[in-house]
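In what follows, a structure is listed as structure tokens, so that the remarks can point back to it.
The values are calculated or read from the model by the stated rules, or taken from the named source; none is laboratory data. Bear in mind that the values here come from a model prediction, so they are computed numbers and not experimental data. Virtual Cβ from ideal backbone geometry, glycine too; neighbours counted across all protein chains shown.
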Amino acid sequence: MTSIASLTLEASDPAAGRAFYDAAFGLGELLSVRESDDPTSGFRAYTLSLVLPQPSSVDSYLDSALAAGATVLRPAAKSMWGYGGVVQAPDGAIWKAASPSKKEKGRPVREIDEVVLLIGATDVAATKQFYVDHGLAVERSFGKKYVEFKAPEGHVKLGLYGRKALAKDAGVPVDGSGSHRIALVNDAGTFTDPDGFVWETA
């Protein structure tokens, strides 16, 4: 089964990027940063999410991200789906910290259940089929609105959402162009999806 073993973010200052992520999230080998000055502007058509066990976990990760230099896009708050907030890293990547639980569960605060990459697809159905053809297995699908693929434990989970809906969820304008400034690392081969996201071999 094709899956994302790790992610590589691109930044003009990779040393600063690595320092930020070590201080903010501590994702270890799941995330690396490399240098790139490829032109990019506005929404990069993806968000990254930390799925967390409880509200205090959300607050802890958001607080550490802000202390390391992130900016708030959506303050942490309760919603129909749980509790969460959105920040933007100094390199421009958008991160959401969220928990499906609105109540404390007594689990360790600094614990991450899942890391999820959500791509804002131009055509969710077409991109879903592309990924199925490339060996990803669908875990959940809601028509042409949202798709979630299976991922082995310790890997990054991939989801698809409409571009406009994802930008709205992140709290940013939908307009954007240029490089996504992210690469998806896997062991199944090198390819590029319909929205220009590049998969690289480990």
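List of remarks:
Matching residues to (1) surrounded by 15 or more Cβ atoms within 10 Å (Cβ to Cβ); (2) charged (D, E, K, R); (3) farther than 25 Å from Thr40 by Cα:
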site	(1), (2), (3)
Ala121	yes, no, no
Gln129	no, no, yes
Val156	yes, no, no
Gly162	yes, no, no
Asp169	yes, yes, no
Ser177	no, no, no
Ala188	yes, no, yes
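- Residues in region 16-46 that are part of a loop (DSSP other than H, G, I, E, B), more than 24 Å from His134 (Cα to Cα) and not hydrophobic (A, V, I, L, M, F, W, C): Gly26, Ser36, Asp37, Asp38, Pro39.
- Taken over region 32-80, the criterion of being among the polar types (S, T, N, Q) and either more than 20 Å from Lys164 (Cα to Cα) or buried (at least 16 other Cβ atoms within 10 Å of the Cβ) (or both) is satisfied by Ser32, Ser36, Thr40, Thr47, Ser49, Gln54, Ser56, Ser57, Ser60, Ser64, Thr71.
- Those residues of region 73-98 which are at pLDDT below 95 and hydrophobic (A, V, I, L, M, F, W, C), in sequence order: Met80, Trp81
Residues are listed down the side, and each one gets a yes or a no for (1) without any contact (Cβ under 8 Å) to a residue 60 or more places away in the chain; (2) part of a strand (DSSP E or B); (3) touching a Leu at 6+ places or on another chain (Cβ under 8 Å); (4) charged (D, E, K, R):
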| residue | (1), (2), (3), (4) |
| --- | --- |
| Thr127 | no, no, yes, no |
| Glu139 | yes, yes, no, yes |
| Glu153 | yes, no, no, yes |
| Leu158 | no, yes, yes, no |
| Leu166 | no, no, yes, no |
| Ser177 | no, yes, no, no |
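- A search for C-beta distances below 9 Å between a residue of region 79-103 that is without any contact (Cβ under 8 Å) to a residue 12 or more places away in the chain and any residue that is crowded, with 18+ Cβ neighbours inside 10 Å and assigned to a strand (DSSP E or B), counting only pairs 6+ apart in sequence or on different chains, returns Ser79/Ala98.
- Out of Leu27, Leu52, sole residue that is of a type in the set (A, V, I, L, M) and either within 24 Å of Trp81 (Cα to Cα) or at pLDDT below 95 (or both): Leu52
- Residues satisfying the stated conditions in region 1-15, i.e. surrounded by 16 or more Cβ atoms within 10 Å (Cβ to Cβ) and outside any strand (DSSP E or B): Thr2, Ser3, Ala5, Pro14
- Residue in region 60-77 that is of a type outside the set (A, V, I, L, M), farther than 23 Å from Leu31 by Cβ and either assigned to a helix (DSSP H, G or I) or touching a residue at least 12 places away in the same chain (Cβ under 8 Å) (or both) present: no
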